[in-house]
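Chemist: Quick one: this structure, given as structure tokens, is what I'll be asking you about.
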Amino acid sequence: MMNIRLPLAIVLVAALAAPAGALAQKYPAKTVRLVLPFATGSAVDVLARLYAQKMSETWGQQVLVDNRTGASGIVGMEFIARAAPDGYTLGMGNVATLAINPSLYAKLPYDVGRDFVPILYAAAIRNSLEVHPSLPVHSVKALVALAKARPGQLDYASGGVGSAQHIPMEMLKAMAGINIVHVSYKGLTPAFNDVLAGQVPMMVSGVVTALPHHKTGRLRIIATTGATRTQVTPEIPTIAEAGVPGYDFDSWTGFLAPAGTPPAIVTQVHAEAARISKLSDIRERLTAAGFEVVGSSSEAFAALIKSNNARLGKVIRDAGIKAE
């Protein structure tokens, strides 16, 4: 009987051990979906595809970029939040979906603090404040002085209510104590084109978008919006340096996972994304696209999301901005 029972016991032990072994298999063991709430060809889409390619090469599994657009990024963010927390659905969020939307919309189908695990603050798109040459100002102080002398008579353009062009200008209005009228467009391109044409005298846009026109004199960049000067325009001061202390707005983006994703997987994804962030070819290509690469810790990204929620939320509430 002992000779019969011993092999049977070995078989039972092996059967019980199999699920644990399956769970411990190397990650990733199949295709990983990287969900973007942004359109194909957008700046964040370019960044995501660069990272996805490098991740695929390292892991030996395809990292598939899945663009799920709609409702100011809400469609894609909800998909990420509801995905199985197994590491095979990752996502990217940005300042709009993670820090503006929660205050802009009365109700969202996702909760930023509850439904996501921040993985890595990847990069920021640095912005600039530019004016049409017909506006007789060459500095932020001059613009503020003119706006105070002509309250409600100057306009600024944006790509829409709650956009990354709208919120930083409302922040400037509040911090500088000025009254400038918002002209909302259906998208960044028509807004920018009307500023170029002199139909609207100013706006905030990406530095790399405005810089060619600044160099030819069609626009005048008077400041950048971040806490520090940009790599591509180190000679141009920030708004904070130029007369509005404490001003800081960047259009940042980073990697997320659904809440409940195993910490070991989050750590592995962070390590790979951080490695990619340090690659010279990636940094060069992203800098050319207008990004400044960060590659922070998960904790730093979580702190950024929390602080921006509080700071930008106050701007939105104080200005009475609501989604259209």
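Chemist: About the Cα centre of region 84-227, what is the dipole size in debye to 20, counting +1 per Lys and Arg Cβ and -1 per Asp and Glu Cβ, all else neutral? List each step's numbers first, then the result.
Modeler: Numbers: 11 positive and 7 negative charges, 106 e Å.
With Lys and Arg at +1 and Asp and Glu at -1, about 500 debye.
Chemist: Using per-residue counts of other Cβ atoms within 10 Å, averaged over each peptide, order 90-103, 126-139, 55-68 from highest down. Before the final figure, lay out each step's value.
Modeler: Working: 90-103: 24.9, 126-139: 19.1, 55-68: 15.4.
Descending mean neighbour count gives 90-103, 126-139, 55-68.
Chemist: Ranked highest first by average number of other Cβ atoms within 10 Å, how do 243-250, 114-121 line up?
Modeler: Numbers: 243-250: 18.1, 114-121: 21.8.
My ranking of the peptides, most packed first, is 114-121, 243-250.
Chemist: Hey, another quick one. Net charge near A176, counting Lys/Arg +1 and Asp/Glu -1 over other residues with Cβ under 10 Å of its Cβ?
Modeler: On the way: positive: K141, K148, K173; negative: none.
Result for the local shell: +3.
Chemist: Over region 219-261, what is the relative contact order in percent, taking alpha-carbon pairs closer than 8 angstrom and at least six residues apart? Intermediate values should be presented prior to the final figure.
Modeler: Numbers: 43 pairs, mean separation 14.5, N = 43.
Averaging sequence separation for qualifying contacts and normalising by length gives 34 percent for region 219-261.
Chemist: I've got another one for you. Direction-averaged shadow area of the convex hull around the Cα atoms of region 50-97, nm²? Please report the intermediate quantities before stating the final value.
Modeler: On the way: hull surface 15.0 nm².
For region 50-97, averaging the hull's shadow over all directions gives 3.8 nm².
Chemist: May I pose another question? About the Cα centre of the chain, how large is the charge dipole given +1 on each Lys and Arg Cβ and -1 on each Asp and Glu Cβ? Please answer in debye to the nearest 20. Walk me through the numbers on the way to the answer.
Modeler: Working: 29 positive and 22 negative charges, 26 e Å.
Once rounded to the nearest 20, the dipole reads 120 debye.
Chemist: Looking at the chain, what % of the alpha carbon pairs are farther apart than 24 Å? Please list the in-between numbers first.
Modeler: On the way: 29712 of 52326 pairs.
For the chain, the share of Cα pairs beyond 24 Å comes to 57 percent.
Chemist: Let me ask something additional. How much of the accessible area of region 189-311, in percent, comes from carbon and sulfur atoms when a 1.4 Å probe is used?
Modeler: Details: 2880 of 5130 Å².
That share works out to 56 percent.
Chemist: Run the dipole for region 20-160 about the Cα centre, Lys and Arg Cβ at +1, Asp and Glu Cβ at -1, nothing else charged, and hand back the magnitude in debye, nearest 20.
Modeler: Details: 13 positive and 9 negative charges, 36 e Å.
Rounded to the nearest 20 debye, it is 180 debye.
Chemist: Can I ask one more? Have a look at the DSSP beta bridges in the chain and tell me what percent are antiparallel, nearest 5. Kindly include the intermediate steps, with their values, before the conclusion.
Modeler: On the way: 24 of 38 bridges.
Among the beta bridges of the chain, antiparallel pairing accounts for roughly 65 percent.
Chemist: I would also like to ask the following. Let me have the 222 nm mean residue ellipticity of the chain computed from DSSP H runs of 4+ only, each contributing -39500 (n - 2.57), with the sum over all residues rounded to the nearest 500. Don't jump to the answer; show the numbers that get you there.
Modeler: Numbers: 12 runs with 142 residues, N = 324.
After summing the helix terms and dividing by the residues of the chain, the value is -13500 deg cm²/dmol.
Chemist: Here is a follow-up. Just want to confirm a number: the relative contact order over region 197-284, from Cα pairs under 8 angstrom separated by 6+ residues, in percent.
Modeler: Values: 54 pairs, mean separation 13.3, N = 88.
Dividing the mean separation by the residue count of region 197-284 yields 15 percent.
Chemist: Give me the percent of accessible area attributable to carbon and sulfur for region 52-102, probe 1.4 angstrom. If you can, show how the numbers build up before the last one.
Modeler: Numbers: 880 of 1860 Å².
Ligands and nucleic acids excluded, carbon and sulfur reach 47 percent.
Chemist: Given Cα pairs under 8 Å that are at least 6 residues apart, what percent is the relative contact order of the chain? List each step's numbers first, then the result.
Modeler: Details: 592 pairs, mean separation 81.6, N = 324.
So the answer I get is 25 percent.
Chemist: Related question: Using a 1.4 Å probe, what is the accessible area per residue for the chain, in Å²? Could the numbers behind the result be given before it?
Modeler: Working: 14670 Å² over 324 residues.
I get 45 Å² per residue for the chain.
Chemist: For region 210-314, which trypsin sites (Lys or Arg not before Pro) pass both filters: DSSP loop (anything but H, G, I, E, B) and at most 13 other C-beta atoms within 10 Å?
Modeler: Numbers: sites: K215, R218, R220, R229, R275, K278, R283, R285, K306, R311, K314; in loops: R218, R229, K278.
Passing both the DSSP loop test and the Cβ count: K278.
Chemist: Distance between the C-alpha centers of region 152-190 and region 291-322? Whole Å please.
Modeler: 18
Chemist: Classify region 273-324: rounded, prolate or oblate, from the alpha-carbon gyration tensor (a ≥ b ≥ c, eigenvalue square roots; a/c under 1.5 rounded; otherwise prolate if a/b is larger than b/c)?
Modeler: Oblate, because a/c is 1.5 or more while a/b does not exceed b/c.
Chemist: In this model, which of K30/K306; K173/K322; K107/K314 are farther than 25 Å apart at the alpha-carbon?
Modeler: Details: K30/K306 33 Å; K173/K322 17 Å; K107/K314 17 Å.
Those over the limit are K30/K306.
The values are calculated or read from the model by the stated rules, or taken from the named source; none is laboratory data. Nothing here was measured: the structure is a model prediction, and the numbers come from that model. FYI the Cβ positions are ideal-geometry reconstructions off the backbone, even for glycines, and counts take in every protein chain you see. These accessible areas exclude ligands, DNA and RNA; they are computed on the full protein's heavy atoms, side chains included. Shrake-Rupley method; radii C 1.70, N 1.55, O 1.52, S 1.80 Å.
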